[in-house]
Amino acid sequence: MNITPPDPGLLSLNTATVREKWNLREMIEGCARHGIRGISPWRDQLAALGVKEAAKMIRNNGLTVTGLCRGGMFPAADRKGRQAALDDNLRAVDEAAALGARCLVLVVGGLPAGSKDLKGAREMVRDGIGETLEHARAAGVPLAIEPLHPMYCAERACVNTLSQALDLCDELDGGKGGALGAVVDVYHVWWDPQLESQIARAGDRRLLAFHICDWLVPTTDLLNDRGMMGDGVIDLPQIRSWMEAAGYRGFHEVEIFSARNWWKREPGEVLGAIRRRHQQCC
Ligand code: ZN
C-alpha cells in the first residue's frame, strides 16, 4: 500500500487528549497556535466555559467543531431514568447546534445497574436514538453512533461493532438523509474482521467522524491507556485508505486517554507530537 501523508489541515483535537492540564479556553487557543483546524470538545468543559463564549471563541479562531462529546447513555432502570437521559440528549443537541458541530457523538450506554438484560438495553438504545432523532434533524445536528470496543459493553456502550451501528442507522433512518451515522474510532474497531466491508457499506453519508490514536501492547488500563499514533499496532494508513475509498473527506480527530504518559506532559508538547505523528504514521 502506497499512501501519501494526510492533509495537515484535516487534523482535529479531541479535547480529552489534553484535559488534565488545559481548560477549553486554553485548548481553543492552543489549537489555533499549533495550526490544528478542528476541535471536538467535551460537554463538561463546555459547561465550564459557557456555550456562548465557547462558540464565539471557536468562531473567532476559525476552528471547525468536528463533534461534540457526548450524548447517549440511554438505558436506565426505570422510565424516570430513561426520560432524564432523553432530556439530556435534547440539551446536547442544542449545545452542538450552538457550536455548529458537525455531529453529536453518541456513546450509547450499557446495562442499567444490576441488569443482565443486554437485549433490553440495546432496545432502549434504539428507542432513545429514535426519540432524539427528530429534534436533531430539526436542529441540523447529525447524530453519530460510536461503536465501542466490546470490553465497554456493560458500562459504556452496548453497540460494539460498526455493523451493529449501521444496522441501527438503517432501521431508524432508512432514507440515509444524513441525520444519523457512525463514528469510526480506530481504538474501538481496529480488530474487527468486517471493518473494511462495513466502512464501505457506510459510505460518505454515514461516516460522520474518524477518531485516531493507537492500541498499545500491552494495554495496562481499560480506559486510560491509549497510545499516540505510531506507538501501537493499528495500521492507521490502511484504515484511512478504507475511509477515503468510501468517500470520507472529513477530519482526523485525535483522541488519546493516557493517564500514564500523554496527560502528564505539557499540552504544547502533546500538540506538537500529534502534528508530527499525523504526518508520519497516519
Ligand atoms: Zn472516539
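The values are calculated or read from the model by the stated rules, or taken from the named source; none is laboratory data. In this text, all values refer to a predicted model and were calculated from it rather than measured experimentally. Neighbour counts are summed over all protein chains in view; Cβ atoms, including those assigned to glycine, are modelled from backbone coordinates with ideal geometry. Keep in mind that these areas ignore ligands, DNA and RNA; they rest on the heavy atoms of the full protein, side chains included. Shrake-Rupley method; radii C 1.70, N 1.55, O 1.52, S 1.80 Å.
Worth a mention:
- Entry for the chain at q = 0.09, 0.11 Å⁻¹: log10 I(q)/I(0) = -0.38, -0.59, Debye formula applied to identical alpha-carbon scatterers, no solvent contribution.
- Using a probe of 1.4 angstrom and keeping all protein chains present, the accessible surface of segment 13-143 works out to 45 square angstrom per residue.
- Among the protein heavy atoms of segment 1-112, carbon and sulfur supply 47% of the accessible surface, probe 1.4 Å, non-protein parts ignored.
- Residues of segment 2-26 with amide N under 13 Å of a point placed 7 Å along Cα→Cβ from residue 245: 2-3
- Per-residue ellipticity at 222 nm computed for the chain from its helices equals -13500 deg cm²/dmol, with DSSP H segments shorter than 4 residues left out and the rest contributing -39,500 (n - 2.57).
- Linear extension gain, residue 23 paired with residue 80, 0.36 nm per residue minus alpha-carbon span: 17.2 nm
- Within segment 143-158: backbone nitrogen closer than 16 Å to the residue 115 label point (7 Å, Cα to C-beta): 153-158
- Modelled FRET efficiency - R0 35 Å, residue 44 with residue 134, Cβ distances, 0.05 increments: 0.85
- A compact globular protein would have a Cα radius of gyration near 2.2 N^0.38 Å; the ratio found for segment 1-99 is 1.26.
- Within the listed set 220, 132, 15, the Gaussian network model of the chain (springs between alpha-carbon atoms below 10 Å) gives the highest mean-square fluctuation for 220.
- Rg to Rh, two decimals, where segment 214-281 supplies the alpha carbon set and Rh follows Kirkwood: 0.99
- Where trypsin sites (Lys or Arg not before Pro) fall in DSSP loop in segment 1-86, at most 16 other Cβ within 10 Å: 21
- Qualifying chymotrypsin sites (Phe, Trp or Tyr not before Pro) in segment 168-271, DSSP loop, other Cβ atoms within 10 Å at most 14: 191
- Set of lysines near residue 116 by C-alpha distance (under 27 Å), chain-local residues within fewer than 8 positions excluded: 80
- Projected label distance in nm at residue 235 and residue 265, using a 7 Å step from Cα toward the beta-carbon: 2.6
- According to the Cα-based calculation, Rg over Rh for segment 132-209 is 0.97, with Rh computed by the Kirkwood formula.
- Taking all protein chains into account, the per residue accessible area for segment 145-245 stands at 36 Å² (1.4 Å probe).
- Dipole magnitude of the chain about its Cα centre (Cβ charges: Lys, Arg +1; Asp, Glu -1), debye to nearest 20: 560
- For the chain, the share of DSSP beta bridges that are antiparallel, to the nearest 5, is 5%.
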